[in-house]
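Novice: Below: one structure in structure tokens.
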Amino acid sequence: MKSLRELYKIGAGPSSSHTMGPEKACKLFNNEFTNATRFVVTLFGSLAMTGEGHGTDKIIKSTLNKPTEVFFDKESTNIPHENTMLLEAFNEDTLLGSWTVLSIGGGDIEIVGKPPVVAEDVYSLTTYSDIFKYCTEKEIRIPDYVNECEGPEIWDYLYTVWEQMQQTIKNGLKSTGTIPGGLQLNRKAKLLYSQHHIDESPETRENRLVCSYAYACSEENACGGTIVTAPTCGSCGILPAVLKYMQVRHKFTDEQIVRALATAGIIGNIVKTNASVSGAECGCQAEVGTACSMAAAGLAELFEMDLDQIEYAAEVAMEHHLGLTCDPIKGLVQIPCIERNAVAAMRAINALSLANFLTHTRKISFDMVVETMYQTGKDMSKIYRETSEGGLAKLYK
């Protein structure tokens, strides 16, 4: 598995697959063909269907920074991945070269016919069962395993990640106005956070605050603000929301928080390695479902639950997102995406409670539910995998 640096990426929203991935590809392509005078880029699959709403064409043109035509091919189906793009470089009318690029999720890309551009593996173990066994035999926790594989310098990076997550929440909580894109959707994070009721119960307060933090991150993402992929842009609000709430409520230290980020990152890495975190490939279960699992596991680490309870929390969080469709209205990461981050954040806390109540009673392993999610995503109709051709995106007028 790759470093947690490849999972937690700091960058601009609104989509890791539709903006971060294409941006990375265009930077590499531009460096390869420095004598090009113009470019032609053709988008296929989900990139074609929802690229305009995600601003894919804008990030391509700004990154290539030369005359560029972007075409949206919504008809072709014989493509190697749901997020495929063809980049062509020209010197006047002479074709200098072309790349077929796959945006595989989380800001990562693959270039057909070229060695992988992703980082080298730093983790030899790729399943929870193997990591569970290793940590049990050595009598260590998952963050200690992360330290063994990544080295102590990983903690500086995770502190930076946590600082950015907090800053994104802070930015989102103080911002108001309409989110760009045409849906006339107003920001709600500040309203949620500032609503104080005289008879508000502790449970209602918890829900309100967790939702306000999730909304803050997700609204920042929808507006193109700086976020941390956890594991994607579209699911960036879930993990920060629960960690922020628990730190405020229980006074956890930043050191405890970054250890929770390490455990959450391992969960995300397992899904990314053995299945997918791409909504275009497996639906929203791959994005929000994975983020909920990460958040539940991170919380379990924060409360020093054992390895079995951490697995239970992650498994139940993913299991109850199975089959979740990705049907963003107008291809925007707004409806139902923003609200869905808040719902999943609350569900992560529920998964933590179940892991605490029902320890050692589960029948399903985390590895099994990850495999199930991947197969479910592959069986899912493409209209429910980030193409905005089905569900809410089809019916909303």
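Novice: Any residue at all in segment 99-120 that's among the hydroxyl-bearing types (Ser, Thr, Tyr), assigned to a strand (DSSP E or B) and within 30 Å of LEU47 (Cβ to Cβ)?
Specialist: Yes.
Novice: Looking at segment 376-395, is at least one residue polar (S, T, N, Q), part of a helix (DSSP H, G or I) and open to solvent by 20 Å² or more (accessible area, probe 1.4 Å)?
Specialist: Yes, that holds for at least one residue.
Novice: Please go through segment 244-279 and give me each residue that is within 12 Å of the chain's Cα centre (by Cα) and open to solvent by less than 10 Å² (accessible area, probe 1.4 Å), ordered by number.
Specialist: Answer for segment 244-279, where residues must be within 12 Å of the chain's Cα centre (by Cα) and open to solvent by less than 10 Å² (accessible area, probe 1.4 Å): GLY265, GLY268, ASN269, VAL271, SER276, VAL277, SER278, GLY279.
Novice: Further question on the same structure: I'm checking my understanding of the structure. Among residues of segment 171-194 that are among the polar types (S, T, N, Q) and open to solvent by less than 70 Å² (accessible area, probe 1.4 Å), which one is modelled with the lowest pLDDT?
Specialist: SER194
Novice: Here's another thing I want to ask about it. Please report, ordered by residue number, the helices (runs of 4 or more DSSP H) entirely within segment 1-97 with at least 2 residues that are free of Cβ contacts under 8 Å to residues at least 24 places away in the same chain and over 30 Å from SER124 (Cα atoms).
Specialist: Ranges flagged: 56-64.
Novice: Within segment 200-208, can one find any residue that is open to solvent by less than 40 Å² (accessible area, probe 1.4 Å), farther than 23 Å from THR325 by Cα, of a type in the set (Ser, Thr, Tyr) and part of a helix (DSSP H, G or I)?
Specialist: no
Novice: Do we find that SER76 is of a type in the set (Ser, Thr, Tyr) and under 13 Å from GLY45 (Cβ atoms) in this structure?
Specialist: Answer is yes for this residue.
Novice: Still on this structure, please answer the following. Residue check, LYS363 against (1) open to solvent by 10 Å² or more (accessible area, probe 1.4 Å); (2) over 30 Å from ALA393 (Cβ atoms); (3) touching a residue at least 24 places away in the same chain (Cβ under 8 Å), all met but one. Which one?
Specialist: Exception for LYS363: condition (3).
Novice: Next question. Restrict the check to segment 78-87 and report whether at least one residue is of a type in the set (S, T, N, Q) and crowded, with 20+ Cβ neighbours inside 10 Å.
Specialist: yes
Novice: ARG141 versus (1) under 30 Å from THR226 (Cβ atoms); (2) open to solvent by less than 70 Å² (accessible area, probe 1.4 Å); (3) among the charged types (D, E, K, R): which is the lone unmet condition?
Specialist: Only one criterion in (1) under 30 Å from THR226 (Cβ atoms); (2) open to solvent by less than 70 Å² (accessible area, probe 1.4 Å); (3) among the charged types (D, E, K, R) is unmet by ARG141, namely (1).
Novice: Something else about it: Which one of these does LYS363 not meet: (1) in a loop (DSSP other than H, G, I, E, B); (2) farther than 26 Å from GLU139 by Cβ; (3) touching a helix residue (DSSP H, G or I) at 6+ places or on another chain (Cβ under 8 Å)?
Specialist: (3)
Novice: Suppose we keep only residues that are without any contact (Cβ under 8 Å) to a residue 40 or more places away in the chain and in a loop (DSSP other than H, G, I, E, B) within segment 246-284. Which one would you say is farthest from GLU153 (Cα to Cα)?
Specialist: In this case the residue turns out to be LYS251.
Novice: Would you check if THR168 is part of a helix (DSSP H, G or I), in contact (Cβ under 8 Å) with a residue 24 or more places away in the chain, open to solvent by less than 60 Å² (accessible area, probe 1.4 Å) and β-branched (Val, Ile, Thr)?
Specialist: Against the criterion (part of a helix (DSSP H, G or I), in contact (Cβ under 8 Å) with a residue 24 or more places away in the chain, open to solvent by less than 60 Å² (accessible area, probe 1.4 Å) and β-branched (Val, Ile, Thr)), THR168 qualifies.
Novice: How many of the residues in segment 300-331 are open to solvent by 10 Å² or more (accessible area, probe 1.4 Å), among the hydrophobic types (A, V, I, L, M, F, W, C) and at pLDDT below 95?
Specialist: 1
Novice: Looking only at segment 112-125, decide whether some residue is closer than 21 Å to ALA264 by Cβ, open to solvent by 10 Å² or more (accessible area, probe 1.4 Å), more than 21 Å from the chain's Cα centre (by Cα) and at pLDDT 95 or above.
Specialist: Within segment 112-125, the subset closer than 21 Å to ALA264 by Cβ is 118-119, 121-125.
If we keep only those that are open to solvent by 10 Å² or more (accessible area, probe 1.4 Å) as well, we get 118-119, 121-122, 124-125.
Now restrict to residues that are more than 21 Å from the chain's Cα centre (by Cα): 124-125.
Narrowing further to those that are at pLDDT 95 or above: 124-125.
Yes, because at least one residue in segment 112-125 is closer than 21 Å to ALA264 by Cβ, open to solvent by 10 Å² or more (accessible area, probe 1.4 Å), more than 21 Å from the chain's Cα centre (by Cα) and at pLDDT 95 or above.
Novice: Scan segment 313-331 and give yes if some residue there is farther than 27 Å from GLU255 by Cβ, touching a strand residue (DSSP E or B) at 6+ places or on another chain (Cβ under 7 Å) and not charged (D, E, K, R), otherwise no.
Specialist: yes
The values are calculated or read from the model by the stated rules, or taken from the named source; none is laboratory data. Fair warning: this is a prediction, and the values are worked out from it, not measured in the lab. No Cβ is skipped: glycine too gets one built from the backbone with ideal geometry, and neighbour counts run over all protein chains shown. Surface accessibility is based on the protein's heavy atoms, side chains included, excluding ligands, DNA and RNA. Shrake-Rupley method; radii C 1.70, N 1.55, O 1.52, S 1.80 Å.
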